[in-house]
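Each remark here refers to the structure printed beneath this line.
The values are calculated or read from the model by the stated rules, or taken from the named source; none is laboratory data. As the structure is a prediction and not an experimental result, all values here were calculated from the model. Glycine gets a Cβ as well: all are built from the backbone with ideal geometry, and neighbour counts include every protein chain shown. What goes into the accessible areas is simple: the full protein's heavy atoms, side chains included, and nothing from ligands, DNA or RNA. Shrake-Rupley method; radii C 1.70, N 1.55, O 1.52, S 1.80 Å.
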Amino acid sequence: MSDAQTTRPDPPGPVAWPAYDPRPPVQAEPVRAVPRIVRAFGAVLGMQALAAFAVLLILNSYRRSAAGWLLPLIGVADLAATLQICWLAIRDIRLLGGRTAGPRLLLTTLVLLLAAALAGGAYALHRHATAPVRGALGSPVQDGDLAFTASGPRCGVKVKGIAATGAWCRVRLTAANTGSAPLRLDAAAQRLRGGDGERSGSLLLSPSRSKKYVRAASRPLPAGSSFSGYLLFDVPPGFAARVLELHAAGGSRGVRIEIEGA
């Protein structure tokens with residue numbers, strides 16, 4: 001009966017397993033504070049560029065009607081990603097140990113400056129998104145579901161049977177409801193600006209079969225219907241109209257029409 005075979009591990013060497021490497025293991029390069037700050041700041045700037053591109057894409061596409069909820073969603077996602085990037089950078093710097101107060105202060109300052117820039121950009125974007133659309137006299141222009149066409153105001157005119165506190169400025173106006181829901185055209189939502197300040201609309205005048213004008217402070221506009229008549233502003237004597245602003249509703253974006261020769 002033969003002896004049982006005895007197995008022994010192979011000595012470590014070039015043909016053995018595991019391979020033996022006489023060189024010392026390579027140590028990972030430690031994270032330095034300044035390069036880490038630069039990388040974090042670059043990542044944040046890239047995030048802002050991506051968010052700005054998404055915002056411009058929304059405002060200049062058919063998705064503009066959904067900007068009211070898409071833009072805040074993009075802002076929240078952008079803020080969350082920015083805070084995550086900054087928190088990871090601060091954690092890495094703190095793990096370095098030693099004297100890291102200066103780099104952390106620098107990163108905090110950069111984050112605060114970036115936050116201020118973001119707030120300023122958001123405010124400018126909000127002003128741009130809510131500023132009235134520019135229009136021209138005699139040309140159709142849209143605000144919401146109302147399409148307006150207005151002529152230049154004539155101030156100092158008299159309206160039979162209606163007395164003004166100061167003087168009347170009369171604007172020939174057509175407003176068409178292009179939507180699928182009923183609307184109300186409100187005279188008080190319209191604005192006329194001049195050197196003496198701003199005046200709200202007073203009355204809407206529409207012709208009737210008796211050749212007299214029907215006056216009202218507002219007019220219902222069912223879907224597909226339109227109003228054609230005059231919009232009256234009660235202004236001080238000598239009022240010089242410069243800008244006509246028309247709105248589908250009191251809080252709508254509106255249409256701004258510069259008055260030629262003002």
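Extension gain for A80 to S206 (0.36 nm times residue separation, less C-alpha to C-alpha distance): 39.9 nm. How many percent of the accessible area of segment 71-195 is carbon or sulfur, using a 1.4 Å probe? Ligands and nucleic acids excluded, carbon and sulfur reach 62 percent. Between S226 and D196, residue separation times 0.36 nm minus the direct Cα-Cα distance comes to 7.6 nm.
Spacing of the modelled spin labels on R242 and R32, each 7 Å from Cα toward Cβ, amounts to 5.8 nm. When the alpha-carbon atoms of segment 154-257 are used, the pair Rg, Dmax equals 13.7, 42 angstrom. Counting only other residues whose beta carbon sits under 11 Å from that of T165, what net charge do I get with K and R as +1, D and E as -1? Local charge sum for T165: 0. Less than 17 Å from a label point 7 Å out along the Cα-to-Cβ axis of A249: which backbone N atoms in segment 189-208 qualify, by residue? Hits in segment 189-208 for A249 at 17 Å: 189-190. Once the mean of 1/r is taken over each pair of separate Cα atoms and inverted, segment 201-262 shows a Kirkwood hydrodynamic radius of 13.9 Å. Extension gain, A117 to E260, is 47.7 nm, computed as 0.36 nm per intervening residue step minus the present C-alpha separation.
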